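Working notes, structure below.
The values are calculated or read from the model by the stated rules, or taken from the named source; none is laboratory data. Here the structure is a predicted model, which means the values were calculated and not measured. Cβ atoms come from the backbone with ideal geometry, glycine included; neighbour counts cover every protein chain shown. Ligands, DNA and RNA are excluded from the accessible area calculation, which covers all protein heavy atoms including side chains. Shrake-Rupley method; radii C 1.70, N 1.55, O 1.52, S 1.80 Å.
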Amino acid sequence: MATKEYTVEDKLRGLQHLQDLCSKLDEITILKGELPMEVSDLEDEIAGLETRTGKLQAELDNFDADMAEKRNGIKDAEAMIKKYNEQLNNVKNNREYEALNKEIEMQQLEIQLTQKRMRDAENDVESKRAYLDEAKTAIATKKEELEAKKNELDKIIKETEKEEKKIIKELDKAHEAVDERLLKAFNRIRKSYRNGLAVVTISRDSCGGCFSGIPPQRKLEIRSRKKIIVCEHCGRILVDEVIAGVEEEVEA
Ligand SMILES: [Zn+2]
């Protein structure tokens, strides 16, 4: 396929067309507003909370098993004490009696120690349980919020996606007349302004982007469409009113 040669005027018209399409896309983006960001932020937050609560839940599950083990330990010790007490009734000498008493004392100490450990652990998980409850409530609330925002966004997407697709298709065509270098400049200028305007027209003898004055000689140059002219102040590409579509072409 042979590449078509484009005149400066073709390029200017191409740029204006590109600008119009991009502005339409910007309008759709404005309509969606902060919703896409809010949705992804909420999704991240929920994922983070779920990871944390999952870990905490595992810890608490271990805690229950650990406490059950400690309770069993106490039961064993109590059984031992009972057994030693029975043996005390049949002791044959003082030495045996003292040995049994010592064993009983050891088991009682063991029970006390285990009970203290259980109390400490109980206090420790208390705060973890409280946090887990809070986090679970927060997750539920955030999920509701996410659902609402998603629905809102889906509605806008449904309403605009047809138009958006059409614009994107047209954009491909609009690129044809605009060469690579110009397209890069266009995108760079567009990005540097909040309103996304890279192509503007003359408005009351001024740049339609930054409103600084345009001298008559420059206006003539813009209208001759022989050169791509950018505003000396803001760097935006300037096109005449006809190309901008605000005035009808007048035959000389
Ligand atoms: Zn300007």
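Values as computed for the structure displayed
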item: Protein-only accessible surface order, largest first, of His233, His175 at 1.4 Å; result: His233, His175
item: Extreme residue, positive dipole direction of the chain, given options Leu12, Gln112, Pro36 (C-beta unit charges); result: Leu12
item: Share antiparallel - DSSP beta bridges, the chain, percent rounded to 5; result: 60 percent
item: Under 20 Å from the Arg71 label point (7 Å along Cα→beta-carbon), backbone N, segment 96-130; result: 110-130
item: Amide H partners (placed H, <5 Å) of Ser203, local residues excluded; result: Gly208
item: Solution diffusion estimate, µm²/s, Stokes-Einstein, the chain, Kirkwood Rh from C-alpha pairs, 4 °C, viscosity 1.567 mPa s; result: 50 µm²/s
item: Extension gain from Met37 to Lys169, taking 0.36 nm per residue of separation minus the Cα-Cα distance; result: 45.0 nm
item: Per-residue ³J(HN,Hα) for segment 108-113, Karplus 6.51 cos²θ - 1.76 cosθ + 1.60, θ = phi - 60°, Hz, x for Gly and Pro; result: 5, 4, 4, 4, 4, 5
item: Area of Arg52 that stays accessible when all protein chains are in place (1.4 Å probe, Å², to 10); result: 130 Å²
item: Simple label model, 7 Å out from Cα along Cβ direction - Lys158 to Arg223, nm; result: 5.1 nm
item: Long-range HN-HN contacts of Arg236 with modeled amide H, under 5 Å; result: Cys231
item: Compactness relative to 2.2 N^0.38 Å, alpha carbon Rg of segment 33-161; result: 2.01
item: Surface accessible to a 1.4 Å probe, Val230 within the full protein complex, Å²; result: 60 Å²
item: In degrees, nearest ten, helix 180-192 long axis to first principal axis of the chain (Cα); result: 60 degrees
item: Relative contact order of the chain, pairs being alpha-carbon contacts under 8 Å that are 6 or more residues apart, as %; result: 29 percent
item: Formal net charge of residues neighbouring Gly196 (Cβ-Cβ distance under 14 Å; K, R +1; D, E -1); result: +3
item: Among Thr160, Ala140, Ala68 - extreme Cα towards positive end, dipole of segment 33-161, charges at beta-carbon; result: Ala68
item: Simple Cβ-charge dipole of segment 33-161, Lys/Arg +1 and Asp/Glu -1, about Cα centre, in debye nearest 20; result: 1060 debye
item: Estimated vicinal HN-Hα couplings, Hz - segment 147-159 in sequence order (Karplus 6.51, -1.76, 1.60; Gly, Pro = x); result: 4, 4, 5, 4, 4, 4, 5, 4, 4, 5, 4, 4, 5
item: Full-extension gain in nm, Tyr193 to Thr114, via 0.36 nm per residue minus C-alpha separation; result: 21.5 nm
item: Student exercise, the chain dipole from Lys, Arg, Asp, Glu Cβ charges, in Debye to nearest 20; result: 700 debye
item: Accessible surface, 1.4 Å probe, highest first, among residues Lys128, Lys166; result: Lys166, Lys128
item: Orphan Cys of the chain, criterion: no other Cys C-beta under 4.7 Å; result: Cys22
item: Principal-axis tilt of helix 8-32 within the chain, Cα atoms, nearest 10 degrees; result: 30 degrees
item: Inverse of mean 1/r across different Cα pairs in segment 54-110, Kirkwood, Å; result: 13.3 Å
item: Asp64 - accessible surface, heavy atoms, 1.4 Å probe, Å² rounded to 10; result: 80 Å²
item: Linear extension gain, Glu232 paired with Asn151, 0.36 nm per residue minus alpha-carbon span; result: 24.6 nm
